[in-house]
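Here's the structure, in structure tokens; my notes come after.
The values are calculated or read from the model by the stated rules, or taken from the named source; none is laboratory data. These figures come from a predicted structure and were not determined experimentally. FYI the Cβ positions are ideal-geometry reconstructions off the backbone, even for glycines, and counts take in every protein chain you see.
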Amino acid sequence: MSAVDDLLRAEIEPLQYGIFFGLLVTLAIIEVFVFRSPNPPQRKLRWPANVGLTILNIIVIGALPVSGLLVSDYAQVNDIGLLNIFEVAPLTALVIGLLFRSFISWLIHLAMHKVPLLWHVHRVHHTDTYIDISTTVRFHPIEFLINTPILMVSILLVGISPLTLMLYELFDTAMAIFTHANVRIPKRLERFIRFVLVTPDMHRVHHSTWQPETDSNYGATLSVWDHLFRTYRDKSPDALSKMQLGLTEFQDDRSRSLWWLLTLPFQSERASLGAHTILQDSQPTPEKGNDK
Ligand SMILES: [Zn+2]
């Protein structure tokens with residue numbers, strides 16, 4: 001396994017960018033022909049803010065003074081973390097490490113929805129009124145600043161190996177683009193894939209405006225955690241293609257402004273709703289809405 005470790009270590013950045021941009025272009029083409037939602041994607045209106053956040057996040061991630069790989073190396077050299085302390089066999093440690101890393105992502109995502117302060121930051125991702133490959137990195141940069149220390153501590157506690165971490169990051173990069181793509185996978189194949197992996201249809205439910213659906217399907221890579229912790233929700237293909245996406249209170253064009261998205265976590269509830277929504281609140285309550 002050390003040969004794979006050496007190879008990945010030397011080529012991790014080109015591999016990650018290659019997977020990211022390669023899949024981005026491939027799925028952008030597929031989205032045009034085999035789409036789940038027939039609604040116009042309004043790329044000219046939505047993409048500038050999404051691309052802006054993607055560029056900002058690439059800069060922020062690159063500027064972070066620590067990386068998971070550094071922490072993992074430190075844990076391995078100093079025998080820190082359960083897998084290192086108990087000298088678990090490499091292949092077993094790899095499987096446990098991958099499962100644990102995937103679980104941590106699920107747990108952080110759950111916290112992003114359940115802790116009000118974190119939801120203020122994470123809702124930037126959910127304000128997109130359509131989802132396609134451009135939604136993949138539509139996150140507020142603060143979200144990475146919150147995630148990173150939690151991930152570092154988790155790596156130290158469990159002793160996730162550098163190889164495990166590099167393999168997971170490549171897998172996660174591919175899955176992040178795949179699950180946000182507006183693509184339609186043949187039903188039987190999609191059902192087969194979702195036994196193990198999160199599919200675009202499964203993640204689309206998570207972007208619903210209806211809160212019980214927004215608060216479901218937290219998985220980013222493996223679907224097992226949502227099944228295990230009963231946060232899994234399904235929807236028929238027909239309902240998926242017609243469902244409203246985003247957050248009920250932000251269906252207007254503010255969600256397409258990069259500046260508004262960057263300031264959203266710092267806005268009070270009332271300020272972020274704005275006069276438009278407050279006026280709407282005086283109308284009869286809609287049957288389904290996201291009242292977070
Ligand atoms: Zn979410």
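Show the residue pairs that are 6+ apart or on different chains and have beta-carbon atoms under 8 Å apart, the first residue being within the range 104-122 and within 11 Å of the ligand (Cβ to nearest atom), the second being in a helix (DSSP H, G or I) and among the hydroxyl-bearing types (Ser, Thr, Tyr).
So the pair list comes out as 113/214.
Mind checking which residues of the range 148-170 are within 18 Å of the chain's Cα centre (by Cα), surrounded by fewer than 18 Cβ atoms within 10 Å (Cβ to Cβ) and of a type outside the set (Val, Ile, Thr)?
Residues satisfying the conditions are 149, 170.
Output the residues belonging to the range 209-224 that are within 11 Å of the ligand (Cβ to nearest atom) and of a type in the set (Ser, Thr, Tyr).
Correct list: 214, 216, 218.
Within the range 173-198, count every residue that is surrounded by fewer than 17 Cβ atoms within 10 Å (Cβ to Cβ), outside any loop (DSSP other than H, G, I, E, B) and not hydrophobic (A, V, I, L, M, F, W, C).
Selection size over the range 173-198: 4.
Out of (1) among the hydrophobic types (A, V, I, L, M, F, W, C); (2) within 16 Å of the ligand (Cβ to nearest atom); (3) touching a residue at least 24 places away in the same chain (Cβ under 8 Å), what's the single condition that is false for residue 71?
Just one mismatch for residue 71, condition (2).
Here are some residues: 65, 14, 48. Which one is part of a loop (DSSP other than H, G, I, E, B) and either in contact (Cβ under 8 Å) with a residue 24 or more places away in the chain or of a type outside the set (A, V, I, L, M) (or both)?
Only one candidate qualifies: 65.
Of all residues in the range 79-89 being surrounded by 14 or more Cβ atoms within 10 Å (Cβ to Cβ) and touching a residue at least 60 places away in the same chain (Cβ under 8 Å), which is farthest from residue 223 (Cα to Cα)?
80
Kindly provide the set of residues from the range 127-145 that are within 14 Å of the ligand (Cβ to nearest atom) and within 24 Å of residue 19 (Cα to Cα), ordered by number.
Passing the criteria: 128, 131, 135, 136, 137, 138, 139, 140, 143.
Residue-wise test of (1) within 21 Å of the chain's Cα centre (by Cα); (2) modelled with pLDDT under 90.
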| residue | (1), (2) |
| --- | --- |
| 10 | no, yes |
| 18 | yes, no |
| 30 | yes, no |
| 41 | yes, yes |
| 51 | yes, no |
| 54 | yes, no |
| 65 | no, yes |
| 71 | no, no |
| 78 | no, no |
